[in-house]
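What follows is calculated from the coordinates using simple rules that are stated; it is not laboratory data. Everything numeric in this text was worked out from a predicted model, so none of it was measured. Cβ placement follows ideal geometry from the backbone for every residue including glycine, while neighbour counts extend to all protein chains displayed.
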Amino acid sequence: MTSFLDPLLILVLAINFYALGVSRIRSVIHVVGFQGILLGVFPLFVHAEIGLRGILLMAITITVKGFVIPMFLVRAMREVNAQHEATPVISYMSSLLLGALGTGLAIEFASSLPLVDGHEKLLVVPASLSTVWAGFLMLTTRRKAIMQVLGYLLLENGIFLFGLLLLEAMPLMMEIGVLLDVFTGVFVMGIIIHHINREFSSMSSEHLSALKE
């Protein structure tokens with residue numbers, strides 16, 4: 001089933017570029033959620049036998065990343081009436097160029113890593129590093145807090161993708177802990193979004209420095 005893996009990883013990379021180049025918040029929420037669903041089924045393609053532990057991880061990943069978190073983000077977007085990221089720190093074209101540069105460097109760096117037999121020819125490591133880079137770009141170059149949350153999710157998706165190579169070695173609690181970290185991060189950012197909007201009728205994170213206890 002590894003023959004299907006690389007096309008799916010190319011789709012993951014395409015989602016990264018889409019998220020970096022689109023200003024419409026709802027569209028980014030949907031594609032990041034779809035990326036989470038893709039990550040949820042990847043254990044089937046990376047490991048021949050995943051067992052009950054792997055199936056449980058798949059179910060939790062698809063539910064949390066693909067449905068629960070996007071649902072919360074869409075609700076937050078509606079409550080604060082935000083539709084677009086109009087003025088990012090750098091332009092969308094610059095974001096795409098930096099994303100392309102990071103993807104190229106990720107492919108080059110991954111080729112130098114000492115991977116086990118069977119993994120060195122897959123795009124898992126380059127795709128994971130590129131996704132981390134795309135998430136970091138969104139997290140640091142977007143002004144609206146909800147877009148920064150989506151950047152955080154992209155970054156964690158990259159970490160999760162890399163961790164799939166270690167699925168047989170990682171304890172189940174650690175895997176669930178990664179998902180819990182994502183859920184907690186989104187919950188905390190939701191509180192921040194609420195306070196920003198309540199105080200300033202805006203979702204721009206530039207107002208964070210003015211928030212008082």
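For this structure, a couple of remarks:
- ³J(HN,Hα) computed for each position of the range 15-22 - Karplus, 6.51 cos²θ - 1.76 cosθ + 1.60, integer Hz, glycine/proline x: 5, 4, 5, 4, 5, 6, x, 10
- For the range 1-93: rounded, prolate or oblate by the Cα gyration tensor [a/c cutoff 1.5]: oblate
- Fully extended contour minus Cα-Cα distance, from F67 to S94, at 0.36 nm per residue: 6.7 nm
- Per-residue Cβ neighbour rank within 10 angstrom, fewest leading, L44, L150: L44, L150
- Sequence of M77, M93 once ranked by neighbouring C-beta atoms within 10 Å, starting from the fewest: M93, M77
- With the simple spin-label model, which puts each label point 7 Å out from Cα in the Cβ direction, the V74 to S111 separation comes to 4.2 nm.
- The order of S130, S3, S23, going from fewest to most other C-beta atoms within 10 Å of their C-beta, is S3, S23, S130.
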